Each structure stands twice: as structure tokens, then as C-alpha cells.
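One structure is given below, encoded as C-alpha cells.
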Amino acid sequence: MAAASSSDSDSGRAESNEASSKWLDAHYDPMANIHTFSACLALADLHGDGEYKLVVGDLGPGGQQPRLKVLKGPMVLSESPLPALPAAAATFLMEQHEPRTPALALASGPCVYVYKNLRPYFKFSLPHLPPNPLEQDLWNQAKEMSLPSVPVFLEVSGQFDVEFRLAAACRDGNIYMLRRDSKRPKYCIELSAQPVGFVWVHKILVVGSNQESLHGFTHKGKKLWTVQMPAAILTMNLLEQHSRGLQAVMAGLANGEVRIYRDKALLDVIRTPDAVTSLCFGRYGREDNTLIVTTRGGGLIIKILKRTAVFVEGGGEAGPPPAQATKLNVPRKTRLYVDQTLREREAGTAMHRAFQADLYLLRLRAARAYVQALESSLSPVSATDREPLKLHAVVQGLGPTFKLTLHLQNTSTARPILGLQICFLYNEALYALRQPFFKVPLLVPGLSYPLETFVESLSDKGISDIIKVLVLREGQSAPLLSAHINMPVSEGLAAA
């Protein structure tokens, strides 16, 4: 009876989860053996019969044996080998007469293959063959656009004959914006991490970075918002529901989640058994709103959006914590608070001037201290390009004998440094150094050299002082850089 009740509760929980979900589970095959990414997925009515097929540029297991697959429902309709790994797939219309059946363009290696009726039709080898004369003007304009780095992602919005914007994510970690009449990028978005994908959603460019975060930017490069993800982003794509006029971004994560966002608002979370590698949303078969998901293990997941489903902001998770809605216990206004408010209102100009004067004085003192530190080489980092050095000191021990380790590093990129010396300045009544002066060996760029010496505390009164470390160049009186070490109190003498 207990087992029966447990199974009934599990089945009831599964039914309730399916009832609350916005998606219908149409198909799941963990052994579909499909290894691809979002750019190699396309949905199109290839035969003009109103039934849309799924075109997959399959990389093959381990990047071996790439193939072009066409799926109808859960079944593979056709399959043909490819000479090289696919890079992208897209469908387009070639003919004007009815029925207008789309052709398939597949980028594989240095060539673009065009298929019509699932048969090879054209092969364009880049860049050996000259462009079509009708497209000569387009290529002439496109070749005048240049980027500072190699592009890895491209997104276009608008129309070529009217106005368009081209966003290019490059290997230098920046996104460059080009317009129709611009030969050079008009705007540049500097990212703190490498982009893993981006999508135009209305007039907002949504960028996913490898720091597990989504960012929203305007077309001029102004950051609007940032959303942190629970795992690394593996793929991104656009979700467009034409019946409700909805555009959102889908992000496939390494923890098996598919998160759907409209701006920075979370609309839904779909959980899959494996990490998501590619996403595609559109008409499949005769269903308008179908989500195609492939996983890292080669699995294929097909979900259909319910016709009654409505995406609501915050519907993907529980929302803000309850403590956020709790009202704060704000104390009542006292007589002192009212008098202070009246004083600030009457003497606001004088208070602002006094604040500005103190702020300018603080900046002046900070600038003077900085200049003095540079002139006397009091900084642990060298301020000159001729001697790029960095000094770091560590004191170890309880006393009365301390081990003093100096980490000296040559921060130059290619030039070694030779002929340096290290000198210690200290109170001889409090400390004794076994080696107060020694020469530094050749410093190879990029390596940190530990230089060790021992310091003995001579005072039995439990007091400590500062030891100055100077890095000198032979033949120069001014130090290159220096450091002040606050020595700890000798616990050995204090205990004795």
C-alpha cells in the first residue's frame, strides 16, 4: 500500500508539473546522434507542401563525419555527407513564380553549398569565384567595411535598400556597429569578457559573455542592464511568437536549463536532462511555435508551446524574496531631525561650498602625496618604463628571528634587467640583519624572484619599527623603488 501511494504521488506530481508548464513534450530522443550548434539549424518548407522540416548541419561525433540531415517530425528524412565541418545554415527564396520553395545554403569549409529540393544545386568557393554581376554593387559596398579584428559573430537588423545595422563580435572581445553608409565602425562596445553569442531583440542587442551573464546594449553601445546566469552560457537564439508579437532571447546553459528573457525579465525556465548546445524556435511540421533543442550528448528534444500559454514576467522562478516586500520600521521624525532639515534648507549653498572646498583640498593633498611618492620612489611599483619592476615583501615567524622574503619581478615583456642591488634601512638598536645589502641576479621578464634574509629583534620591550627596502641601480643615488615593512612585535621576547 505504501509503495502504491508513493507511485500515485509521483505520478500526480508529474501531471501537475506538466499542467503548469507552458510547453508540451512532443519528442525526446537521447540517442538521436545530433551534434551541432544554433547557427547550423534552420526551419523551412522545403517542398512547398506547408509542412516545415528541420535542416541540421551535423558536426558528427567528435567532429568526425559531418553530414547534412533533414528531419520531418522525429524521423530523419534524408542524410548526405559533407566534405568539411559546417559553419552555418540558412534558407532563402530563389524563384519568383509559385510555388516558391526555398533553397538551402550551407557553409562548409571554404565553400557555400546551395541545395534545391534537397539536391546539390550550386557551389560557391570563397573567394576564388567572382561574385554574380547582379550582386556586384552589394559586394563593392560590403568590402569597404573593415573591422579592427576577426569577426566571429554577425547580426544584422533592418533592410539593405533602406537602412541596416551590422553588429560584429570580434576576437578582441569587442562588438563593432556598422551602418549602411559607414566604412568604419561607428560605435564600439567594449566587453569585460569574450562574447559567446548575441541576438537583436527589437532595438536592443542582448549579448551573452563567458562570465555567465547577459548584457543589454543600445545600438549606440550604451549598457542598459546585466543579468547573472546560474551557469555558463553555451548557446543563444531568438524566440519570436508572431501571434502575440513577442520577441525574447533564449539562452542555453551548461546546467541543462533553457532560460527565456524579455529584456532583463525572466519569462520561463525549461529544464533538460543534459547541457544545451543549440536552440531553434519557429514553425515545425504544422505547428507554429515549436522549440528544437539539442544536447551535448547528441540528444534531440522537441517541445510545442501551448496555444493558451502566456509569458508573464517573473514566471520562470519564484520571484523576489519575501523580505523585499517587508516594510521597514522607519522611526518617527524627531525635533532634532526637523531642525537639521530646516538648517540644511536655509544654509544649503554655504554647506555645498564648504564641501567643495574640502573636496578640492583633499584632491590637492592626494596629488602632492602621489608626486612625492613618485619623486622619492616610495611606491612598490616602478613608475618608469626603463626599469619596470614590482616589489612585494612577506614577513614570517614569531620572533625574535624573522624570515623576510622579498619577491622582485621584472614586468617587462622582453627585456631582462641586470645590475640591481637591494639595501635595508633600519634602527640598529632594535634589529640586526644578517645580510643588509646584497646584489640581485639577472631578472628574466615575467618571473618573480624570491630573495630571502633573516631579521633578529634585539629589543625585549615588545616594540617594533619599520624596515625600509630600497632597490638601487649601480651608479645611481636615487632608488628605483622602495617599500616600508611594518615589522610585527616579537612574541618570543614578550613571552620570555
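The values are calculated or read from the model by the stated rules, or taken from the named source; none is laboratory data. This is a predicted model, so every value here is computed, not measured. Neighbour counts are summed over all protein chains in view; Cβ atoms, including those assigned to glycine, are modelled from backbone coordinates with ideal geometry. Each accessible area value is taken on the protein alone, full model and side chains, heavy atoms only, with ligands, DNA and RNA left out. Shrake-Rupley method; radii C 1.70, N 1.55, O 1.52, S 1.80 Å.
Points worth noting:
- Lone qualifier among GLY315, GLY319 - being open to solvent by less than 50 Å² (accessible area, probe 1.4 Å), on the phi > 0 side of the Ramachandran plot and modelled with pLDDT under 90: GLY319
- When residues of segment 79-102 are limited to those that are crowded, with 16+ Cβ neighbours inside 10 Å and within 17 Å of TYR284 (Cα to Cα), the one farthest from the chain's Cα centre (by Cα): THR101
- Complete set of residues in segment 120-140 that are surrounded by fewer than 10 Cβ atoms within 10 Å (Cβ to Cβ) and modelled with pLDDT of 65 or more: PRO133
- Count of residues meeting criterion [part of a strand (DSSP E or B) and open to solvent by 50 Å² or more (accessible area, probe 1.4 Å)] in segment 230-284: 5
- Residue match in segment 465-474 (condition: more than 45 Å from the chain's Cα centre (by Cα) and at pLDDT 85 or above): yes
- Residue within segment 173-183 that is among the hydroxyl-bearing types (Ser, Thr, Tyr), open to solvent by less than 40 Å² (accessible area, probe 1.4 Å) and not in a loop (DSSP other than H, G, I, E, B) present: yes
- Against the test of being under 27 Å from ASP288 (Cβ atoms) and outside any loop (DSSP other than H, G, I, E, B), the options HIS47, HIS27 yield a single qualifying residue, HIS27.
- Close pairs from segment 92-106: first within 9 Å of ASN117 (Cα to Cα), partner open to solvent by less than 20 Å² (accessible area, probe 1.4 Å) and of a type outside the set (Val, Ile, Thr), Cβ under 8 Å, at least 6 apart: THR101/LEU46; PRO102/ALA44; PRO102/LEU46; LEU104/ALA42; LEU104/ALA44; LEU104/LEU46; LEU104/ALA89
- Answer from VAL489, VAL471 - the residue that is under 14 Å from ALA393 (Cβ atoms) and surrounded by 14 or more Cβ atoms within 10 Å (Cβ to Cβ): VAL471
- Taking segment 404-448 as the range and being of a type outside the set (A, V, I, L, M, F, W, C), open to solvent by 80 Å² or more (accessible area, probe 1.4 Å) and either assigned to a strand (DSSP E or B) or more than 21 Å from LYS468 (Cβ to Cβ) (or both) as the test, the residues that pass are THR413, ARG415, LYS439.
- Checking LYS220 against (1) in contact with a strand residue (DSSP E or B) (Cβ under 6 Å, 6 or more places away or on another chain); (2) surrounded by fewer than 19 Cβ atoms within 10 Å (Cβ to Cβ); (3) within 19 Å of LEU267 (Cβ to Cβ), the condition it does not meet: (3)
- Answer residue from segment 449-464, given it is at pLDDT 85 or above and either closer than 16 Å to HIS407 by Cβ or of a type in the set (Lys, Arg) (or both) and is least open to solvent (accessible area, probe 1.4 Å) among those: THR453
- When LEU300, LEU279, LEU291 are checked against the criterion of being touching an Asp or Glu at 6+ places or on another chain (Cβ under 7 Å) and either modelled with pLDDT of 85 or more or not acidic (Asp, Glu) (or both), a single residue qualifies: LEU300.
- Answer residue from segment 190-217, given it is farther than 16 Å from VAL152 by Cβ and part of a loop (DSSP other than H, G, I, E, B) and is least open to solvent (accessible area, probe 1.4 Å) among those: GLU212
- A count restricted to segment 74-123 and to residues that are out of contact with any Pro (no Cβ under 9 Å at 6 or more places or on another chain), more than 20 Å from SER278 (Cβ to Cβ) and in a loop (DSSP other than H, G, I, E, B) stands at 9.
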